[in-house]
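What follows is a set of notes on a single structure, which appears directly below.
The values are calculated or read from the model by the stated rules, or taken from the named source; none is laboratory data. These numbers come from a predicted model, not from an experiment. Cβ: placed from backbone, ideal geometry, glycine included. Neighbour counts: every protein chain shown. Heads up: the accessible areas ignore ligands, DNA and RNA and are worked out on the full protein's heavy atoms, side chains in. Shrake-Rupley method; radii C 1.70, N 1.55, O 1.52, S 1.80 Å.
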Amino acid sequence: MRIGELAERAGTTTRTLRYYEARGLLTARRAGNGYRAYGEEELRLVRQIRLLQEFGFELEDTRPFVECLRAGHPDGDTCPASLEVYRRKLAELDDCLARLGAVREQVAGQLARAELMVASADAEPRCELTGQSPTDHGG
């Protein structure tokens, strides 16, 4: 298949495929007319790269998965280097979740304090004739 068909089937652009090729993640055979030619194996590689990027992996992090597929493994994540990338990404995610949890607790604390202040301000007695509280300046 030519680059346009590969891009369409993989759900990406020809520009992206050329970038993958420039980074050494994708290789194309050249047809007699000089056009890039790809097979089902390259489609599988591109789909693996795109899936990992959807998960938040950097492009370079996809390299071990691509190499694993090129080595003939049925899945790109069954090689030791791929497993290590998964472990590293999981540690990053755990760290991010811990930081987000801490920020969430701070925001929840601020909200609780603010709601208490609003509730105590609403509880202040109001003058029935003017609608103002005794501490307002018209009072």
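Just a few scattered comments:
- Counting only residues that are open to solvent by less than 70 Å² (accessible area, probe 1.4 Å) and within 26 Å of Arg23 (Cβ to Cβ), segment 83-113 holds 5 of them.
- The residues of segment 2-45 that are of a type in the set (Asp, Glu) and within 24 Å of the chain's Cα centre (by Cα), listed by number, are Glu8, Glu21, Glu42.
- Test result for Ala91, touching a helix residue (DSSP H, G or I) at 6+ places or on another chain (Cβ under 7 Å) and at pLDDT 95 or above: no
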